[in-house]
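First comes the structure, then the notes that go with it.
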Amino acid sequence: MEKYGYKFSFGPWNISEGADPFGPTVRPPVPFEQKLAAYQRLGFDAVQFHDDDAVPNLDDKSPAQIESEARALKSRLDDAGLVAEFVAPRLWEDPITVDGAYTSNDPQARQYALDRTHKTLDIAQALGTDLMVLWFAREGTYLREAKDAVRAVDLLVEALDDMLAYAPGMRIAVEPKPNEPMDQSYIPTIGHAVALGLKTRVPERMGVLVETAHAILAGLDPADEMAFGLAYDKLWSVHLNDQNGLKFDQDRAFGMVNLRRAFDQVLVLDDYRFYERGIVGLDVKALRTQAPDVAEKHLVNSLDVFLWLVERVRSLDRDAMQACIDARDYEELDRLIMQHLLAL
Ligand code: XUL
Ligand code: MN
């Protein structure tokens with residue numbers, strides 16, 4: 001299929017065993033080697049990693065061991081014709097980060113978070129990417145009074161300054177999410193993420209990643225979140241998916257819940273030439289009901305919907321659209337978009 005200059009990525013966690021908070025896994029684990037083979041077969045170019053997707057059990061390994069395992073992985077990626085898009089620290093599973101990582105009230109937890117992030121940065125560099133993504137999973141509160149939210153911002157800036165100094169060749173993209181697992185997260189939107197980056201010592205190496213579902217959970221329009229990032233030249237990655245209302249983070253396949261909302265995301269990305277700025281990342285999960293042999297289709301379906309929508313964006317009659325805008329006839333504009341989306 002024509003890819004219009006776009007490159008695509010997903011993370012190994014997007015081929016999952018289907019566990020949810022109320023039930024166990026429903027599909028057998030897919031070995032990493034098999035996942036790697038799926039990338040090219042499904043038409044993808046790049047891999048997104050959590051640090052321990054790349055180097056399992058890294059807390060128990062020496063820096064030299066981490067480095068050599070990451071280098072070995074890099075040559076497997078080279079052999080498979082793939083690149084690493086980014087690496088993200090998985091900071092939310094160790095018992096020490098139960099009440100937060102960089103913003104925990106416990107100084108030992110904060111130190112663990114920084115040490116672990118240094119390892120993530122080492123892995124990213126060994127994998128040949130200059131991008132680290134930070135999803136602030138447990139930086140927030142279940143109980144509003146339990147932490148000082150002003151100090152939390154200072155702690156995040158201190159942590160970011162430490163990372164920026166530790167790895168001068170690396171860029172950092174913050175992936176905001178308003179809730180889950182926390183009740184209230186400290187950096188809930190792209191506006192917060194951009195502002196946080198500007199408060200660091202090296203704002204030019206601070207950017208953002210917009211995830212569709214996270215924007216919707218914040219009650220915001222994902223296309224406008226992307227637009228805000230683009231306006232600041234800070235949109236360095238995306239996690240396209242879909243979300244049916246204000247529920248748990250569903251990570252549905254892109255465009256499958258709300259096609260018009262998906263179209264609007266592709267419209268802003270394509271109009272502002274995102275294909276020259278970054279890789280189109282997916283963060284999508286197969287439905288829990290699906291058997292292993294079909295539990296990859298959500299990936300290729302998301303990629304295809306994106307490309308079908310690029311075609312719809314590029315074939316849009318911009319003169320007719322502009323005429324509606326000039327006449328302030330938004331009812332006609334509404335109809336024009338729907339007719340075009342439905343190819344009528
Ligand atoms: C969590 C989420 C994460 C990040 C990477 O909701 O989206 O998978 O994308 O840490
Ligand atoms: Mn994500």
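The values are calculated or read from the model by the stated rules, or taken from the named source; none is laboratory data. Fair warning: this is a prediction, and the values are worked out from it, not measured in the lab. We place every Cβ from the backbone using ideal geometry, glycine too, and count neighbours over all the protein chains shown. Accessible surface areas use protein heavy atoms only, side chains included; no ligands, DNA or RNA. Shrake-Rupley method; radii C 1.70, N 1.55, O 1.52, S 1.80 Å.
Between Trp92 and Arg151, full extension at 0.36 nm per residue minus the direct alpha carbon distance yields a gain of 19.2 nm. Relative contact order of the stretch 8-314: 16 percent, from C-alpha pairs under 8 Å at least 6 residues apart in sequence.
The convex hull defined by the C-alpha atoms of the chain has an orientation-averaged projected area of 18.3 nm². Under 5 Å from the amide H of Ser237 lie the amide H atoms of Val208, Val210, each residue being 5 or more positions distant or on a separate chain, with H modelled from the backbone and absent for Pro and chain starts.
Its DSSP H runs of at least 4 residues, each contributing -39,500 (n - 2.57), put the calculated 222 nm mean residue ellipticity of the chain at -13000 deg cm²/dmol, to the nearest 500.
Using Cβ point charges alone (K and R +1, D and E -1), the dipole size of the chain about the Cα centre works out to roughly 240 debye. A Förster radius of 35 Å, combined with the Cβ-Cβ distance separating Asp79 from Glu2, puts the computed FRET efficiency at roughly 0.85. Rg/Rh for the stretch 1-135 (Cα atoms only, Rh after Kirkwood) is 1.00. Partner lysines whose Cα lies under 20 Å from the Cα of Lys234, excluding those fewer than 8 positions away in the same chain, are identified as Lys7, Lys177, Lys199. Distances between placed amide hydrogens fall under 5 Å for Leu134 paired with Ala173, Val174, Glu175, all partners being 5 or more residues away or on another chain.
Straight-line cross-link partners of Lys61 among the lysines, defined as a Cα under 23 Å from its Cα and at least 8 positions apart when in the same chain: Lys74, Lys119.
Between Leu287 and Leu341, the modelled label-to-label distance comes to 2.1 nm, taking each label 7 Å out from Cα in the direction of the beta carbon.
Of all the options Ser237, Ser68, Ser302, the one that moves most in a Gaussian network model of the chain with Cα springs shorter than 10 angstrom is Ser68.
Protein heavy-atom accessible surface, 1.4 Å probe, per residue over the chain: 45 Å².
Here's the picture: a label point sits 7 Å out from the Cα of Arg277 along the beta-carbon direction, and within the stretch 195-211 the residues with their amide nitrogen under 18 Å of it are 195-198, 203-211.
Here the gap between Asp221 and Asp326, fully extended at 0.36 nm per residue and compared with their Cα-Cα distance, gives a gain of 35.4 nm. Exactly which trypsin sites (Lys or Arg not before Pro) in the stretch 194-278 are in a DSSP loop and have at most 12 other Cβ atoms within 10 Å? Here the trypsin sites (Lys or Arg not before Pro) that fit, given the DSSP loop and packing criteria, are Arg201, Lys247, Arg273. The stretch 257-293 and the stretch 80-150 have Cα centres lying 25 Å from one another.
Working from label points 7 Å from Cα in the Cα-to-Cβ sense, the Tyr166 to Asn244 distance is 4.1 nm. To put it simply, the accessible area of the chain at a 1.4 Å probe is 52 percent carbon and sulfur.
The chymotrypsin sites (Phe, Trp or Tyr not before Pro) of the stretch 45-99 meeting both criteria, a DSSP state outside H, G, I, E and B (loop) and at most 16 other C-beta atoms within 10 angstrom of the site's C-beta, are Trp92. Excluding same-chain neighbours fewer than eight residues apart, the lysines reachable from Lys297 by a Cα-Cα span under 16 Å are Lys35, Lys285. Computed from the C-beta positions of Asp233 and Asp60 and an R0 of 35 Å, the FRET efficiency is 0.30 to the nearest 0.05. For the stretch 35-167, the relative contact order works out to 26 percent when only alpha carbon pairs closer than 8 Å and six or more residues apart are counted.
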